[in-house]
Amino acid sequence: MALKAWARVTFFLFSFFLSASSQKKMPGRRKTGKNAPILSHEFVITNHGDIVSCICMVFMMGLMFQATSKVAAVFIAPQHNLTRTTNGTEELPTTYTNGPKDFCTIFFYSLAWIVVHAIIQEYVWDKVSRKLRLSKTKNTKFNDSGILLPFYFFFAAWGADIILKEGFIPHISKLWEGYPHNEMSFTLKFYFILQISFWVHCFPELYFMRAKREEIFPKIQLYIEYLLFIWAAYMLNFTHITICCLVVHYFVECINHAMRMLRISGKEDVAKTFFWVWTFLFAIARFAIIALTFMTFWYGLPRLDNAGLNVNLGNFNSPPIRLTAMAGVILMQAWLAWNFICYQIRMWREYAASTATPSKKKDNKKKSKKESEKKKKEEVVAEDSEEADAEEYDKANGSPKAVVKAKKA
């Protein structure tokens, strides 16, 4: 029954997205006189939204038939569920673990993220960028932040809701108590599945969005960092501490990308307000993540009775793994702080240069005015001296003009 309900909900959502995408062409299409050859690079790039949506529909249609429903469910519904009963009658809430079938689910939802990405790009950000009339460089930056902003906001809000429902706040001890946390609720497992699938879908998006060579390496580095930390935490059963750190980080990044989009769109006054808010919250977020990590891996997990390594039970509470995880998180926060400091210094230099240029222009204008006045005075003095010399010459030679002037004087 749960699988059928999940299939209906998924089918309804994707039918809505696909019907919306079919009413209008997907982004990336260019108005050209000739159609691109089938299966060429241009054809795949311009029609990637429609192609991927058709592939997703194949998996969803497989849920409607009994012969293929089990295979399709592996790709659509979260797998590795555990169902327990008490006294053989009452069923406990279903929990989930990680396993190899998660690769199939991640694959399907990576395709789904490509469709969602194309719809958001077409119906929201392309219309906004046309009205703003941005340049190519600003347009690419605007689109990058436009995709990450709703993602960060959605997962920050959803993660905060999961934290409150799971009781991690105010009971912080639940971050390490009961480890290994190899049994997850449906929402917690689905949260991590969507997280991983989102960052996986970003790799083919570099090809679909025609990313430049100089932009590819920084983006790939960012995607690998997120995938490495989230996937390691998911497989090592450190999901409780990871979701808390991700919510804090995503909330600050949401403000950062909102500020970036406002600045690109020309709203400098509002962007400055967001900039100061982001500057203040960034430092708090770094300290909060380091404090939670240190409290969990240095104080909480070593005090448990099952401290040790047991792969069969999913217990990775050994000192080398704990220290490696803690060092990785702290070094990542230090690296983010270093980039933040460099960014702040660059912004202050740009601000100082922008404020210095108007004053220099005013000084140059004043100097030019003074120089022009001096030149005029020199020209007037030179003319007077030339007239005086001419009169003296005329008097000496006895010209009639000089005699008339002398009589009048």
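The values are calculated or read from the model by the stated rules, or taken from the named source; none is laboratory data. For clarity, every value in this text was computed on a predicted model and none was experimentally measured. Because the Cβ atoms are built from the backbone with ideal geometry, glycine has one as well, and the counts that use them run over all protein chains shown. These accessible areas exclude ligands, DNA and RNA; they are computed on the full protein's heavy atoms, side chains included. Shrake-Rupley method; radii C 1.70, N 1.55, O 1.52, S 1.80 Å.
Given the pairs 174/219; 138/165; 127/189; 136/267; 219/272; 189/267, which are separated by over 30 angstrom at their Cα positions?
174/219; 138/165; 127/189; 189/267
Cβ neighbours within 10 Å, averaged per peptide: list 269-276, 190-197 in order, most packed at the top.
So the order, starting with the most tightly packed, is 190-197, 269-276.
Could I have the simple spin-label model distance between residue 64 and residue 107, label points 7 Å from Cα toward Cβ, reported in nm to one decimal?
So the two model labels end up 2.3 nm from each other.
Go through segment 330-345 residue by residue and turn each phi into a ³J(HN,Hα) via Karplus (6.51, -1.76, 1.60, θ = phi - 60°); whole Hz please, and just put x for glycine and proline.
The phi angles translate into 5, 5, 5, 5, 5, 5, 5, 5, 5, 4, 5, 5, 4, 5, 5, 4 Hz.
Under the Karplus relation 6.51 cos²θ - 1.76 cosθ + 1.60, θ = phi - 60°, what is the ordered set of whole-Hz ³J(HN,Hα) values for segment 115-130, x standing for Gly and Pro?
5, 4, 4, 5, 5, 4, 5, 6, 8, 10, 6, 5, 5, 5, 5, 5
Normalising by the residue count of segment 243-295, find the relative contact order in percent from Cα pairs under 8 Å and 6+ residues apart. Display every interim value, and only then the final one.
Values: 27 pairs, mean separation 22.6, N = 53.
Answer for segment 243-295 is 43 percent.
How much length, in nm to one decimal, is gained on full extension between residue 221 and residue 330, taken as 0.36 nm per residue of separation minus their Cα-Cα distance? Please list the in-between numbers first.
Working: separation 109, 0.36 × 109 = 39.24 nm, distance 1.80 nm.
The span from residue 221 to residue 330 would gain 37.4 nm if fully extended.
Could you go through segment 163-171 in sequence order and give the Karplus-derived ³J(HN,Hα) for each residue, using 6.51 cos²θ - 1.76 cosθ + 1.60 with θ = phi - 60°, rounded to whole Hz, and x for Gly and Pro?
4, 5, 6, 6, x, 5, 10, x, 8
If I take R0 = 56 Å and measure r between the Cβ atoms of residue 164 and residue 35 in this structure, what FRET efficiency does the formula 1/(1 + (r/R0)^6) give, to the nearest 0.05?
0.60
What is the calculated FRET efficiency for residue 310 to residue 355, with r their C-beta to C-beta distance and R₀ = 51 Å, to the nearest 0.05? It would help to have the intermediate numbers written out before the result.
Values: r = 62 Å, r/R0 = 1.21.
Given R0 = 51 Å and the Cβ-Cβ separation, E is 0.25.
What whole-number value in Å² describes the accessible area per residue of segment 151-209 for a 1.4 Å probe?
40
Once the dipole of segment 247-334 is set up with Lys and Arg at +1 and Asp and Glu at -1 on Cβ about the Cα centre, which of 288, 333, 270 lies farthest towards its positive end?
Farthest along the dipole direction, towards plus: 270.
Suppose every K and R has +1 on its Cβ and every D and E has -1 on its Cβ; what is the size of the dipole of segment 50-180 about the Cα centre, in Debye to the nearest 20?
700
Highest first, please rank the peptides 143-153, 207-217, 236-246, 97-107 by the mean number of other Cβ atoms sitting within 10 Å of their residues.
In decreasing order of mean packing, 143-153, 207-217, 236-246, 97-107 become 236-246, 143-153, 97-107, 207-217.
Report, to the nearest whole %, how much of the accessible area of segment 174-235 belongs to carbon and sulfur atoms, 1.4 Å probe, protein only.
Looking at segment 174-235 in its full context, I get 70 percent from C and S.
Rounded, prolate or oblate: pick one for segment 266-319, where a ≥ b ≥ c are the square roots of the eigenvalues of its C-alpha gyration tensor, a/c under 1.5 means rounded, and failing that, prolate if a/b is larger than b/c, else oblate.
Prolate.
Residues with amide H under 5 Å of residue 315's amide H, sequence separation 5 or more or different chain, H placed in the peptide plane at 1.01 Å from N; which?
310
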